[in-house]
C-alpha cells in the first residue's frame, strides 16, 4: 500500500518537475510546481514528517505558488517576438550536462544499503516534537528567522513602491 | 517503509530538473521556479535522512529552509516586478548591464 502511494507521488513529482522546466507558458510552470509541492507533501507523510508536510502545503502550496501566480498574471512577456538566442545550443548543452549530473548523483546514491530503518516512536515528526526542538535547542535560529521574515516584508514594500524615493 | 534510497533518487532527479531549468530557460520566473524545485529536492533529502537517523534535526532544518525560501520568493519576485516595470522584460538575457 505504501509502495503504491510512493510510486504515485514520485511519478507525479517528477512529471510536475518536467512540467515546470518544459512548459512554454509560465502559468503552466507554476501549476506544475504546485503538483510537485503537493506530491512532496505526500512523501513527507510517508517519511513520518507530519508537521513538515502540513507546513509544505500551507506555506509552499498555499502562499508561494499563489504569489508566483499573481506575478505571472501581472507580467506578460512580449509575444510573437523571436529574438536570436544569445547562446546557441544552450538548451542541448543544458540537457546534456543535466543528464551527466543526474547520472553522477544516482551513481553516488545507488550503492547505499537498502536497509529499512526501524519505525520511529509515535510522536516522531509531530508538531510537538519539532516544536520542542525549535523552542529549546534551536531557539536562537528560530528568533533570527523572524528577523529574516521582517526584513523580507520591508524589502518587498520598498521594492514594490510605485515611485522609488530618490 | 520504503527503502530510503528511492526517496533519495527522486530527490536527485528533481534537483537535476531544477538545474536543467536554470540552465536552459530564459524566463526569469521559470528560472525562479526551478530554484524552488532544487530547494524542495534538498528538503526531501533532509526529511529522508531525518527518518533514517531517527533524529528530528533534519526536519528542523527543513523548517528553516521553508522560512528562508518564502522570504527569498517575496524579495526575488519584487525584484522581477521592478525589472519588468523599468525594462518591460522578464527575460534574463535582456538584463545584461553588468556584462563586460
Say whether the condition of being facing chain A (nearest Cβ under 7 Å) and closer than 19 Å to residue A:24 by Cα is met by at least one residue in region B:57-70.
no
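Can you tell me which residues in region A:9-30 are part of a helix (DSSP H, G or I), more than 7 Å from chain B (Cβ to nearest Cβ) and free of Cβ contacts under 8 Å to residues at least 24 places away in the same chain? Talk me through it step by step, then tell me what you get.
Residues of region A:9-30 that are part of a helix (DSSP H, G or I), as a first pass: A:9-22, A:26-30.
From the residues that got through so far, the ones that are more than 7 Å from chain B (Cβ to nearest Cβ) too are A:9, A:11-12, A:15-16, A:19, A:22, A:27-28.
Result: A:11, A:15, A:16, A:19, A:22, A:28.
Hey, which of the helices (runs of 4 or more DSSP H) in chain B, taking only ones fully inside, have at least 2 residues that are modelled with pLDDT under 85? Steps first, please.
Values: elements: B:4-24, B:28-53, B:57-87.
Correct list: B:57-87.
Look at region A:118-147 and say how many of its residues are in a helix (DSSP H, G or I) and surrounded by fewer than 16 Cβ atoms within 10 Å (Cβ to Cβ). I'd like the intermediate steps shown before the answer.
Step one: of region A:118-147, the residues in a helix (DSSP H, G or I) are A:127-135, A:139-147.
Then drop every residue that is not surrounded by fewer than 16 Cβ atoms within 10 Å (Cβ to Cβ), which leaves A:127-128, A:131-132, A:135, A:139-141, A:143-144, A:146-147.
Here the count works out to 12.
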Out of all the residues in region A:44-81, which are in a helix (DSSP H, G or I), over 13 Å from the mean Cα position of the chain (by Cα) and under 27 Å from residue A:122 (Cα atoms)?
A:45, A:46, A:50, A:51, A:54
The correct count of residues that are facing chain B (nearest Cβ under 9 Å) and either surrounded by fewer than 20 Cβ atoms within 10 Å (Cβ to Cβ) or on the phi > 0 side of the Ramachandran plot (or both) in region A:54-79 is 8
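The values are calculated or read from the model by the stated rules, or taken from the named source; none is laboratory data. Predicted model only: the values in this text are computed from it and were never measured. In this analysis, Cβ positions are derived from the backbone assuming ideal geometry, glycine residues included, and neighbour counts consider all displayed protein chains.
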